[in-house]
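Have a look at the structure below, then the notes.
No value in this document is a laboratory result; all are computed from the given coordinates. Just so we're clear, the structure is a prediction, and the values are computed from it rather than from any experiment. We place every Cβ from the backbone using ideal geometry, glycine too, and count neighbours over all the protein chains shown.
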Amino acid sequence: MSMYMLNDKDRKFYADYYGSLVGATITKVTISDDDDEGNSWPVFDVTLKDGTKLELELSQDEEGNGPGFMFGLPTPNSKEILT
């Protein structure tokens, strides 16, 4: 299944899949050590509403072909990052 050109069934699957995060809390954000291909992955420690703890990695696709990027966050206001 791909996030490109979703049919109604796929759209429902992804809405339910990502919907499990509603009400969850991100408790920690790290960047992984390099994997065997030299990639570093964004990693989110998350606690779901029911107390289940998860470690989520942001990938560019369902096959894990590389780390991903999340759009929509504000740019960090940090001199360490901006210089």
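Close Cβ contacts (under 6 Å, 6 or more residues apart or on different chains) running from residues in the range 12-33 that are closer than 8 Å to ASP45 by Cα to residues that are β-branched (Val, Ile, Thr) and surrounded by 10 or more Cβ atoms within 10 Å (Cβ to Cβ) comprise ILE26/VAL46; THR27/THR47. Within the range 34-68, being part of a loop (DSSP other than H, G, I, E, B), touching a residue at least 24 places away in the same chain (Cβ under 8 Å) and not acidic (Asp, Glu) holds for ASN39, SER40, TRP41, LEU48, LYS49, GLY66, GLY68.
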